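Structure first, commentary second.
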Amino acid sequence: MKIALLGYGKMGHMIEVEAKKKGFEISATIDSYAKDASHFISSPADIVAALQETKSEVVIDFSHPDAAFENIKAIIPLGIPLVVGTTGWLSHLSEVQDLVAKHSSSLFYAANFSIGVNLFYKVVAEAAKVFSSYDDYDVALWEAHHNQKADSPSGTALELAKLVLKNHSGKTEMHFDAFHEKPKAHQLHVSSTRCGSVPGTHTVFFDSNADSIELLHRARSREGFALGAVHAASWLFDGLKKGSVQKGRVYTMEDMLS
Ligand SMILES: NC(=O)c1ccc[n+]([C@@H]2O[C@H](COP(=O)([O-])OP(=O)(O)OC[C@H]3O[C@@H](n4cnc5c(N)ncnc54)[C@H](O)[C@@H]3O)[C@@H](O)[C@H]2O)c1
């Protein structure tokens, strides 16, 4: 599989390492600023030309939110399977789905490519369902990230909170701020800590008078995202060849891990 990396920053470099470990070829590294990229370009037309010239078979995009949608629109008509990790374009998802269908192309996207986090989502959804039948147990979420992170709660914590609300009948509202009165039983408390260099820790607590059950996901590095993106590229590429993945569709981690 010949992979073109669109965006050769922190994630692009890490994906290159993980892809090479698995024996895949990097056909192009495309970046508008990174001097060590094989293609030092940024216009969608130049990117299309580079993908054709290098006979790339899959594109993995970890570039910039501002460029993502224009690049996606330009690449889809080529029919090259496209894996998108860049964030910030999902408001255009239905337009992208229409384009993928129109050109019988294929696209895979995820806001979080970590396989571990996506499996953790499944565990938490199931646990919330199980504990939902037992009134003695309350549930809450806590997340911690490094002190350079500008937002809270994390996107992953929000996703976890949505899963708890969906699967736990006793919780109907998320609460992110400090409490100035006793929490209401239907409120799901989601709290955040920002400290040092923590790459990302998420804990779901189920607590009763008698005991406490804690489900924890702790990221060690960005490696998990890179591994997940390479896994997705190979799942898409092989699936299209074997016929287990259809053309004309947009796929997510849910499809790959089901
Ligand atoms: N989905 C996930 O699991 C996941 C994980 C980590 C990061 N991300 C997202 O991936 C993106 C990149 O993250 P990063 O940490 O590698 O950032 P980064 O800043 O280290 O790298 C981005 C690279 O894209 C390049 N770039 C910018 N505009 C471009 C354009 N028009 N064409 C080509 N290259 C362009 C930049 O020069 C830079 O080298 C961000 O949107 C980030 O939020 C997603």
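The values are calculated or read from the model by the stated rules, or taken from the named source; none is laboratory data. Since the model is a prediction, treat every value here as computed from it, not as a measurement. Note that each Cβ is placed from the backbone with ideal geometry, even for glycine, and that neighbours are counted across all protein chains shown. SASA here: full protein model, heavy atoms, side chains in, ligands and nucleic acids out. Shrake-Rupley method; radii C 1.70, N 1.55, O 1.52, S 1.80 Å.
The table below gives the values:
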{"quantity": "Full-stretch length increase - residue 52, residue 169 - with 0.36 nm per residue and alpha-carbon distance subtracted", "calculated": "36.9 nm"}
{"quantity": "Sum of side-chain charges, residue 226 neighbourhood, beta-carbon under 14 Å (Lys, Arg +1; Asp, Glu -1)", "calculated": "+2"}
{"quantity": "Partner aspartates and glutamates for residue 22 [C-alpha distance under 18 Å; skip if fewer than 8 residues away on the same chain]", "calculated": "57, 223, 238"}
{"quantity": "Net charge of Cβ neighbours under 12 Å - reference residue 114; Lys, Arg +1; Asp, Glu -1", "calculated": "+1"}
{"quantity": "Heavy-atom accessible surface of the stretch 115-218: percent carbon and sulfur, 1.4 Å", "calculated": "53"}
{"quantity": "Residues in the stretch 74-118 reached by a label modelled at residue 246 [backbone nitrogen below 17 Å; 7 Å Cα→Cβ]", "calculated": "97-108"}
{"quantity": "Eligible aspartates and glutamates near residue 162 by straight Cα distance, threshold 15 Å, same-chain separation 8 or greater", "calculated": "126, 143, 173"}
{"quantity": "Filter on 55/242; 102/122; 2/247 - keep pairs with C-alpha separation over 27 Å", "calculated": "102/122"}
{"quantity": "Förster-model FRET efficiency, 35 Å R0, residue 87 and residue 212, C-beta, rounded to 0.05", "calculated": "0.55"}
{"quantity": "Farthest toward positive dipole pole in the chain [+1 Lys/Arg, -1 Asp/Glu at C-beta], among 93, 236, 111", "calculated": "236"}
{"quantity": "Percent antiparallel among DSSP beta bridges (both partners in the chain, rounded to 5)", "calculated": "35"}
{"quantity": "With Cα atoms, 0 to 90° folded angle of helix 93-102 axis to the chain main axis", "calculated": "40"}
{"quantity": "Contour minus Cα-Cα distance for residue 104 and residue 194 (0.36 nm per residue)", "calculated": "28.0 nm"}
{"quantity": "Sites matching chymotrypsin sites (Phe, Trp or Tyr not before Pro) across the stretch 157-258 that sit in DSSP coil, with at most 11 neighbouring C-beta atoms within 10 Å", "calculated": "179"}
{"quantity": "Relative contact order (percent, whole number), the chain, Cα cutoff 8 Å, 6+ residue spacing", "calculated": "21"}
{"quantity": "Rounded to 10°, Cα long-axis angle of helix 115-132 versus longest principal axis of the chain", "calculated": "30"}
{"quantity": "Using a Förster distance of 41 Å, the FRET efficiency for residue 238-residue 177 (Cβ separation, nearest 0.05)", "calculated": "0.35"}
{"quantity": "Cβ-placed point charges (K, R +1; D, E -1), dipole of the stretch 115-218 about Cα centre in debye, nearest 20", "calculated": "340"}
{"quantity": "Amide H partners (placed H, <5 Å) of residue 106, local residues excluded", "calculated": "82, 248"}
{"quantity": "Span from the the stretch 93-135 Cα centroid across to the the stretch 178-225 one, whole angstrom", "calculated": "20"}
